[in-house]
Amino acid sequence: MPRHLANLLLLLAGAIWGMGFVAQSTAMDNIGPFIFIGLRFLVAALMLAPFAWREARAAAHPVSSRNLGGFALIGLTLFIAMALQQFGLTITTVTNSGFLTGLYVVFVPFLSLLVLGQKPHPVIWPAVLMTFTGIWMLAGGSLGDLNAGDLLTIGCAVFWATQVILVGRFVGPSGRPLTLSFVQFALASALGLGFGLATEPFEPPQIVLALPEILFAGIAATGLAFTFQVIGQRYTTAPQAAIFLSTESLFAALFGAILLGERIPPIGYAGGGLIFMAILLAELGPARKAQAPAR
């Protein structure tokens, strides 16, 4: 797949996740965070199961135990990130959650460098700075005092960064993006339902009320968007992927304003433009270097 198409998939994933913030927030009116996490990932796992099965049948070799362990680690990281984000959304706003979750775009290149020793393309650093500044502007240039929900969401951003790095580490060597997605969804669902049934009320009428949010989060924001992420990351680097995926903060603010009445300050529109400038830099910078004639 050409890199620009892979990045387009990552951008589309960011847009779907942005709308998913709204569904995650409104679902909490009826059900608990863990139950919501378990059910959304159960829907996603069931949706993806036949495609993962077809991928397995077409593969020349079964998944190695090392790769399978990596898939499980990704699923655990995904669950922790989602739990921190979901509990954070019970306290903070959709716009603030989108902003703070977007901090993973800053964490990814540093973690890639410190943990894996991978040096990103030079244009990634100014693109990261532009993205962080754009997200900050999108939140109005000041968050004021951080509340508990904001702090939980900052922790979420660390685990999102780890998940992005781990996907980049295992999806290429394994060659099994759909299997990876299925395993991470199934594990996150089992953990969510396990914790939810132990700590939260399980009331079928309330679940029915939250069904539209569960289905959107499970089918679109999880099944489709996370699979777009996994497929897209096969053809780009983790730092570049983080920049494209971080546009979820822009879309979260947009859908929060349209659907929930949350207001975007004027400086936020400038921040959105800066984010897309960062995307163009991340997209065109490496391509220009690759096409430069040899001297």
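The values are calculated or read from the model by the stated rules, or taken from the named source; none is laboratory data. Remember, predicted model here, so these are calculated numbers, not experimental data. All Cβ positions, even for glycine, are placed from backbone atoms using ideal geometry, and neighbour counts span all protein chains on display.
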| query | For the stretch 206-216, does any single residue satisfy the condition of being among the polar types (S, T, N, Q) and surrounded by fewer than 18 Cβ atoms within 10 Å (Cβ to Cβ)? | reply | yes
| query | Which one is modelled with the lowest pLDDT among residues in the stretch 131-169 that are farther than 19 Å from Val94 by Cβ and surrounded by fewer than 23 Cβ atoms within 10 Å (Cβ to Cβ)? | reply | Phe132
| Got a sec? Which of Phe41, Phe34, Phe21 is of a type in the set (Phe, Trp, Tyr), crowded, with 24+ Cβ neighbours inside 10 Å, assigned to a helix (DSSP H, G or I) and modelled with pLDDT of 90 or more? | Phe41
| Selection within the stretch 71-120 - more than 25 Å from Val22 (Cβ to Cβ), of a type in the set (Phe, Trp, Tyr) and touching a residue at least 24 places away in the same chain (Cβ under 8 Å) | Phe71
| message | For the structure I just gave you, tell me whether Ile219 is surrounded by 15 or more Cβ atoms within 10 Å (Cβ to Cβ), within 22 Å of Ala23 (Cβ to Cβ) and touching a residue at least 40 places away in the same chain (Cβ under 8 Å). | response | yes
| query | Looking at this structure, is Ala157 aliphatic (A, V, I, L, M), within 12 Å of the chain's Cα centre (by Cα), under 24 Å from Phe34 (Cα atoms) and in a helix (DSSP H, G or I)? | reply | yes
